[in-house]
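Colleague: Right, I'll just put the structure down here and ask away after.
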Amino acid sequence: MAIMELPDFPPKADLLTEIYQPLPKLTATVDWDALDASTTAEQVVRGFSTALEGADKNALADHFLADQSYWRDTLAITSHLRTFKGRDVIELVLTEQNRQRRIHGIAITPGSAQIVAASESLKWLDCFFTFKTTAPQATCTGRLMLLPQVSEHGPAHWKVWTLSTWLSGFDMYPEDESLLRTPSKPLQQSGEDHLSTDVLIIGGGNAGLLAAARLKALGVDYLVIDQNANVGDNWSLRYDCLRFHVGNSFCETPYLPYPQATTNGLTRDELANQIKRFADEFRIRVLHRTTVKATAYDNESRSWALQLLCDKAEKTVSCKHLVLATGVGFQGPYMPELPGVGQYKGINMHSASYKNARLLAERGVKSVLVIGSANTAFDVMEECYDAGLRTTMVQRSPTYVIPMSYLLHPEGLGIYDYVPAEIGDAITQAGPLAVGGPLLGHAHAKLAAAEPERYVDLAKAGFQVTNCTQSDLVAHLVDRCGGHFVDIGTGVELLATKKVGIKSGVSPTSYTDSGLKFTDGSTLDADAIIWCTGFRGIDIRQGLSGILGDGAEAIQNKMDATWGADAEGEVRGLWKRHANVDNFWIFGGGTAQHRWYSKVIALQIKGILEGILPEAYRDVPTTSSQ
């Protein structure tokens, strides 16, 4: 498949060098044990409220750190997803936007103030607060991370390191969970073959169904279409030994938790069963075995018209908003096109076609090459070994390896084991990536530094390890949507003890009659080759015609690029309004992002439908010092 040349808009920033900033180190002397967190935080919130509501620019700016302060807003004030850096810029935008939003009622959330320690040299005061806006009439939430600053004339003054604000709901259109269990009203039909709805969601996996539930709870009419025959097929059609390489609490679905019996490392069947429960419980309306033949947008009516292929029958649908929730693998599996593929006599498949090792053994397979070294490759490698197949993993380049125990640590994503999912999401999803990324990386690096020998035997066996002191999880997720390995099973031991072979630092160059040839001139023979090499790309524009059919090119050339971070550290193209395509939404990410951003997208759609969501603030503010 040829890669089209498309504009890099918004331009992609290098997350590690352009967005991340060194974490601050405390210079103020604070008696943390004696600090009254609640009183101190309440004083800061009260002063912030007085300065903002009184339009006192100097006092407002003085609440922020002079050289390293951030504000991230999710719809509450900018009606967009924006991150601002520096107290002068933050003051400018807050003051300007407050003239329109008219913020009032700022109040600290009782019991939320606490001291958080990342290390002996970095501690901060953390609290939540609520506030209202007048235009639109909305309830919002915020979070402050406060650092002490040395004062020449007395005790330390507390300054805002990060401010996070987000829209919780529209006061006139509150979320109503009771709507979830009521039947969806029949779709408007003009004849047998035309449907009409407010929102069409393409993709009936986790993201699509969660978005549908959020819309339903807001009283928005919707329709989900999906190419599969059943809800849950996005999981149940995958390989049998699939495991989710994250904690269970991180994966909770809104409104309906997983059964208590589930544990970390959710299986394929647990994932499929949960999404089936979700769709059944909330009567989510899904049209199965359906794909899109053609798509067009009418600028005059501001609506979409799509031609659908529904199990061989054709239908048309009109909608006001179009949500693409098709996941990262929309462009299809990636397998390198190598010479000699026709001469290889064994079984050659991508992991997307792999079901289990037993089926391979039944076909006479006794040896297998697993190409790749991320999560899927380890799942497949372990199962092939357990089935008695002689297994070799081919690692083309060093792999970022993070133990599951690090993910479960309370300073990281393990926070979900200690607080409700909505609080965990506010901590991990609502803040600026420039701070959240380095803090998570710091927690992981600290754990790795405490056990430097953990992967020594793995490295001695030939596996090229990049550990948590050398690389970053968030960068892998934002820039690559994966490519890392979360160590949850016995795969590391199998490689370290050489029960499974490893060939590292080389790439396949061609097939042979019995296997593969590599860049170092060597060859390996195997009865089967399983390519765990991911999918073709993460910029959804490149595969848009496969989702929207004819007419996709007109949209493709206007929409934002997807994935990777922009100059503010915002993920490009996802969860928000595009600059040049109206009523068009891209929804993807991991399970926590599904949970958090399903509401973010639903609120934007509801606000537009009701005519109360302001235009997205897109200015790039500058100050006289810039």
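Every number in this text was worked out from the coordinates using simple rules, so none of it is lab data. Being a predicted model, the structure only gives us computed values, none of them experimental. A quick note on method: Cβ atoms are made from the backbone with ideal geometry, for glycine too, and the neighbour counts reach across all protein chains shown.
Colleague: Could you pull out every one of the lysines with an alpha carbon less than 26 Å from that of Lys503, ignoring same-chain neighbours closer than 8 positions?
Modeller: Straight-distance partners of Lys503: Lys345, Lys355, Lys366, Lys460, Lys517.
Colleague: Another question, then. Using the Cα centre of the chain as origin and beta-carbon charges of +1 (Lys, Arg) and -1 (Asp, Glu), tell me which of Ser504, Ser49, Thr291 is placed farthest towards the positive end of the dipole.
Modeller: Working it through, the farthest residue towards the positive pole turns out to be Thr291.
Colleague: Hey, what angle do you get for helix 87-101 against the long axis of the chain, alpha-carbon based, 0 to 90 degrees rounded to 10?
Modeller: Its long axis makes an angle of about 80 degrees.
Colleague: Right, here's the next one. Report the far tail of the P(r) of the range 247-355, meaning the percent of Cα-Cα pairs longer than 19 Å. Don't skip to the end; give the middle numbers.
Modeller: Values: 4054 of 5886 pairs.
Tail fraction, whole percent: 69.
Colleague: Further question on the same structure: Let me spell out the model: positive unit charges on the Cβ of Lys and Arg, negative unit charges on the Cβ of Asp and Glu, origin at the Cα centre of the range 1-158. What dipole size does that give, in debye rounded to 20?
Modeller: On the way: 14 positive and 19 negative charges, 115 e Å.
For this selection, approximately 560 debye.
Colleague: Just how large is the dipole of the chain about the Cα centre, in debye to the nearest 20, putting +1 at every Lys and Arg Cβ and -1 at every Asp and Glu Cβ? Could the numbers behind the result be given before it?
Modeller: On the way: 57 positive and 71 negative charges, 198 e Å.
Using only the charged Cβ atoms, the result is roughly 960 debye.
Colleague: What distance in nm lies between label points placed 7 Å from Cα along the C-beta direction at Thr519 and Ala554?
Modeller: Rounded to a tenth, the inter-label distance reads 4.4 nm.
Colleague: I'd like the per residue volume of the convex hull spanned by the Cα atoms of the range 340-531, given in cubic angstrom.
Modeller: Taking only Cα atoms, the range 340-531 has a hull volume of 132 Å³ per residue.
Colleague: Give the average over all directions of the projected area of the C-alpha convex hull of the range 507-557, one decimal, in nm².
Modeller: 5.6 nm²
Colleague: Something else about it: Which whole-Hz ³J(HN,Hα) couplings does the range 277-289 yield from phi under the Karplus relation 6.51 cos²θ - 1.76 cosθ + 1.60, θ = phi - 60°, glycine and proline marked x?
Modeller: 4, 4, 5, 5, 4, 9, 6, 6, 8, 10, 9, 8, 6
Colleague: Right, another one. Cross-link partners among aspartates and glutamates for Lys216, C-alpha distance below 20 Å, same-chain residues fewer than 8 apart left out?
Modeller: Here the aspartates and glutamates satisfying the reach criterion relative to Lys216 are Asp171, Glu175, Asp176, Glu177, Asp198, Asp226, Glu252, Asp280, Glu281, Glu422, Glu610.
Colleague: Where does the range 511-602 land on Rg(C-alpha)/(2.2 N^0.38 Å)?
Modeller: 1.58
Colleague: Take the Cβ-Cβ distance between Ile423 and Lys498 as r, set R0 to 41 Å, and report the resulting FRET efficiency rounded to the nearest 0.05.
Modeller: After rounding, the FRET efficiency stands at 0.35.
Colleague: What do you get for GluC sites (Glu not before Pro) in the range 247-336 restricted to DSSP loop and a cutoff of at most 12 other Cβ within 10 Å of the site's Cβ?
Modeller: Values: sites: Glu252, Glu270, Glu281, Glu300, Glu314; in loops: Glu252, Glu300.
Passing both the DSSP loop test and the Cβ count: Glu300.
Colleague: How big is the range 31-170 by the Kirkwood estimate over distinct Cα pairs, in Å? It would help to have the intermediate numbers written out before the result.
Modeller: Values: mean 1/r = 0.0658 Å⁻¹.
Every distinct Cα pair counted, the radius reaches 15.2 Å.
Colleague: Take every Cα-Cα distance within the range 316-369, group them into 5 Å bins from 0 onward, and report for each bin the whole-number percent of pairs it holds.
Modeller: Calculated over all Cα pairs of the range 316-369, the distribution is 4, 12, 18, 16, 14, 10, 7, 6, 5, 6, 2 percent.
Colleague: Can you figure out the FRET efficiency of Asn230 with Ala261, using R₀ = 30 Å and their beta-carbon distance, to the nearest 0.05?
Modeller: Numbers: r = 23 Å, r/R0 = 0.77.
Once the sixth-power term is evaluated, E becomes 0.85.
Colleague: If you don't mind, another one. With the alpha-carbon atoms as the only input, what is the per residue convex hull volume for the chain in Å³?
Modeller: Values: hull volume 106.9 nm³, N = 626.
Enclosed volume per residue, from the Cα hull, is 171 Å³.
Colleague: Once both axes come from the Cα atoms, what is the angle between helix 433-449 and the longest principal axis of the chain, in degrees from 0 to 90, rounded to 10?
Modeller: Once rounded, the angle reads 60 degrees.
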